[in-house]
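To start, the structure itself, in structure tokens.
The values are calculated or read from the model by the stated rules, or taken from the named source; none is laboratory data. These numbers were taken from a predicted model, which means no experiment stands behind them. Cβ placement follows ideal geometry from the backbone for every residue including glycine, while neighbour counts extend to all protein chains displayed.
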Amino acid sequence: MKNSLTIFKKEIKEVIRNKNIWLPVLIVTIIFSIAMPAAMILGSNAILKDPDTVNFINRMFGDVDNPMRVLMDFMIKQLIIFLLMIPAMVPSLIAPASILMEKENNTLEPLLATPLKTPELLLGKAMTAFIPAFALSTISFLMLTLVVDVASYIKLGFAPLPTPEWLIVAFVLSPILSFILTMASVIVSSRSTDIRSAQGIGAVVIFPIYLIIGLQLAGFFMLNITYLLVGCLVLLAVCPLLLRLAVRIFDRENILTNWKMK
């Protein structure tokens with residue numbers, strides 16, 4: 001663990017200085033934590049005047065006493081799912097760079113030649129991607145809560161967050177997703193020689209996020225606590241399998257002798 005922490009402390013400094021990592025994350029955070037929720041809440045009266053919105057609420061929820069509250073709850077669920085892009089993006093940006101840029105800078109070979117064990121090395125690099133991803137996603141969820149509650153209280157007289165779904169997504173699903181993406185990025189990076197292709201792993205998870213939102217908007221289902229808990233359990237079961245696979249695939253001898261950057 002001590003060796004892993006040493007790797008983490010060294011590499012996190014480089015990650016903090018890398019603008020290519022923080023710029024897309026900053027853009028996503030501003031859009032889905034600040035701009036979009038504020039616009040939705042402040043324009044909620046106009047949204048409810050749209051006949052299509054009224055028909056959607058009636059089709060999904062039937063006759064309701066407070067359509068504004070129902071609409072708010074629905075929009076918040078979409079925003080929470082959108083914010084899962086942050087724990088999906090950050091590991092896919094950091095983990096490949098952590099391995100491949102060391103290869104480019106000729107600093108990976110000396111590291112691999114040390115007595116450092118493969119699990120210690122991967123743990124240190126995984127922490128470099130996982131910890132910032134969890135920290136940033138938590139900050140984004142808290143920002144979303146602040147913006148939604150303040151705007152809702154001013155406009156509608158109530159503060160809707162946090163909800164049970166919010167707590168599960170922010171503190172259970174988000175870190176699980178970050179870990180899975182970190183391990184997947186390490187696996188891809190260990191077999192890739194191109195940073196951009198390795199970083200594309202994040203798109204594999206972002207697509208299902210859009211799919212879930214699209215299915216909800218189309219009225220096929222409504223995300224609830226049961227779906228979230230089942231999803232968390234399934235993904236949690238995948239975590240140790242990916243960890244073992246990453247340790248097995250990260251072939252030190254192959255990287256030291258045969259891996260050449262393009």
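Brief remarks follow.
- Among the helices (runs of 4 or more DSSP H) confined to the range 16-83, the ones with at least 1 residues that are closer than 19 Å to Ser178 by Cα, of a type outside the set (Lys, Arg) and modelled with pLDDT under 80 are located at 19-29.
- Within the range 111-158, the residues that satisfy the criterion of being within 16 Å of Ala39 (Cα to Cα) and more than 19 Å from the chain's Cα centre (by Cα) are Leu146, Val147, Val148, Asp149, Val150, Ala151, Ser152, Tyr153, Ile154, Lys155, Leu156.
- Test: residue in the range 200-211 that is at pLDDT below 75, surrounded by 12 or more Cβ atoms within 10 Å (Cβ to Cβ) and more than 22 Å from the chain's Cα centre (by Cα): no
- Test: residue in the range 34-57 that is over 27 Å from the mean Cα position of the chain (by Cα), hydroxyl-bearing (Ser, Thr, Tyr) and within 23 Å of Met222 (Cβ to Cβ): yes
- Considering residues of the range 134-176 that are polar (S, T, N, Q) and assigned to a helix (DSSP H, G or I) only, the residue surrounded by the fewest Cβ atoms within 10 Å (Cβ to Cβ): Thr138
- The single condition among (1) within 26 Å of Phe220 (Cβ to Cβ); (2) loosely packed, with under 13 Cβ neighbours inside 10 Å; (3) of a type outside the set (A, V, I, L, M, F, W, C) that Pro87 does not satisfy is (2).
- Test: residue in the range 87-103 that is modelled with pLDDT under 80 and among the charged types (D, E, K, R): yes
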